[in-house]
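The values are calculated or read from the model by the stated rules, or taken from the named source; none is laboratory data. Please read all numbers here as calculations on a predicted model, not as lab measurements. Cβ coordinates were reconstructed from backbone atoms using ideal geometry, including for glycine residues, and neighbour counts include every protein chain displayed.
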Amino acid sequence: MKSVTLTRFLLEQQRQPNSTCPAELRLLIETVARACKAINHAISKGALGDVLGSLGTENVQGEVQKKLDVLANDLLVDANEWGGHLAGMASEEMDTIHPIPNRFPRGEYLLVYDPIDGSSNVDVDLSVGTIFSVLRAPSECAGREVREEDFLQPGTEQAASGYAIYGPQTLLVLTIGSGVYEFTLDRELGAWIMTDGPIKIPSGNCEVAINMARRPQWSPEIVRYVDDRLTYEKAPCGRAFNMRWTGSMVADVHRILKRGGIFLYPSDSRTPGKARLRLLYEANPMSLLIEQAGGSSIDGEGRVLDIQPKSLHQRVGLILGDSAEVSALKDIVLA
Ligand code: AHM
Ligand code: MG
């Protein structure tokens, strides 16, 4: 079997007529992928590298920061700020945006990321990941410093999105707007080798990912949907759905991309502020991947990728996965 590296894949995409991958985007994705290798290296050292545990600080959203949250954030900033591909960055772990300093050349893209998603799992050696999204800097910011409002673009505007998952294997899953491709890190070669793609979500897998402890904040419709799926007689596949919840969205979404099923972290519109996941760092990049793999992603009512963000750290209800199952849920919720 010929082995296709990430570099070769991106170069071949760049050479396509009407390519969605200009050279600057290719180089940016390669830089992000390189930073993910460094993050993988730090995670795999664990206690030996003194990277586990909390830092004793909180991020702007009031969440306790793990050492690795901050380390991974810094690795991504350091790897990306001098390359000349970006006008600015924003991260779940930074209070506000990080414009590219004047000492470096500025590029046309904005990078948005969650450096360690599922970081509560790091200390117990479960899979975690890095989620990223690439936007184009609006033309208005060409002659000035990039501003927070420049990042507030709907998910449909993403030029690329992806995640690295640090699990039994280290993988990079990527879309540049035409299909979803998986690359496995060959640790000896230090290269990302394509191992799957274009990925299509298998249909009809009766598996649901949800944190049942949050049931009090669900709407009555979500309660009805989940109860139906967990009841033998009512579930459409002739048996009750199986349930899986890792507490690491990257791991749950990866399972759905490969095996099917549905993921829910819903919010009840009557109790705003209770949503968990962030629109820019988590929901949008994952929604683009899911849609590119033939699935659907909604906030409970409408398409996630159509939401106009109002603030950088905005949270949103999220339901994504197998299109038929998301549409069955919509029928129940909107009935
Ligand atoms: P994080 O980015 O701070 O780790 O938070 C996001 C994570 C998701 O990976 C996961 O789906 C969710 O939070 C788990 O939430 P819960 O603690 O309710 O299980
Ligand atoms: Mg996260």
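Scan L171, L185 and give me the residue that is in contact with a strand residue (DSSP E or B) (Cβ under 7 Å, 6 or more places away or on another chain), farther than 22 Å from T246 by Cα and touching a residue at least 24 places away in the same chain (Cβ under 8 Å). Let's see the steps before the verdict.
Numbers: L171 fails: farther than 22 Å from T246 by Cα.
None of the others qualify; the one that does is L185.
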### Task
Inspect all residues belonging to region 228-240 and state whether any of them is within 16 Å of ligand 1 (Cβ to nearest atom) and of a type in the set (A, V, I, L, M, F, W, C).
no
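A quick yes/no check of all residues on (1) farther than 28 Å from V4 by Cβ; (2) not assigned by TED's automatic domain parsing to the domain that holds K274:
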| site | (1), (2) |
| --- | --- |
| D114 | no, yes |
| N121 | yes, yes |
| L135 | no, yes |
| A142 | yes, yes |
| Q158 | no, yes |
| E182 | no, yes |
| R187 | no, yes |
| Q217 | yes, no |
| E221 | yes, no |
### Query
Out of region 116-141, which residues are within 11 Å of ligand 1 (Cβ to nearest atom) and in contact with an Asp or Glu (Cβ under 6 Å, 6 or more places away or on another chain)?
I116, S119, G129, I131
### Message
Of everything in region 175-213, what is in a strand (DSSP E or B) and not hydrophobic (A, V, I, L, M, F, W, C)? Give them in sequence order.
### Response
T175, Y181, E182, T184, D186, T195, D196, E207
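Take the conditions exposed (fewer than 15 other Cβ atoms within 10 Å of the Cβ) and under 26 Å from I193 (Cα atoms) and apply them to K37. Does it pass?
On the way: exposed (fewer than 15 other Cβ atoms within 10 Å of the Cβ): no; under 26 Å from I193 (Cα atoms): yes.
For K37, the condition - exposed (fewer than 15 other Cβ atoms within 10 Å of the Cβ) and under 26 Å from I193 (Cα atoms) - is not met.
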### Task
Sort out which residues of region 85-112 are within 16 Å of ligand 1 (Cβ to nearest atom) and either touching a residue at least 40 places away in the same chain (Cβ under 8 Å) or not assigned by TED's automatic domain parsing to the domain that holds T31 (or both), and write them in order of number.
A90, S91, E92, V112
### Message
Any residue at all in region 298-312 that's touching a helix residue (DSSP H, G or I) at 6+ places or on another chain (Cβ under 6 Å) and basic (K, R)?
### Response
no
## Note on the structure
When (1) part of a helix (DSSP H, G or I); (2) over 21 Å from the mean Cα position of the chain (by Cα) are applied to D252, the one that fails is (2)
### Task
Please identify the pairs in which a residue from region 3-20 that is under 18 Å from V173 (Cβ atoms) has its Cβ atom under 7 Å from the Cβ atom of a residue that is assigned to a loop (DSSP other than H, G, I, E, B), counting only partners at least 6 apart or on another chain.
L10/C21; Q13/S19; Q13/C21; Q13/I176; T20/I176; T20/G177; T20/S178
### Query
If we keep just the residues of region 272-300 that are in a strand (DSSP E or B) and within 15 Å of ligand 1 (Cβ to nearest atom), which is surrounded by the most Cβ atoms within 10 Å (Cβ to Cβ)?
S297
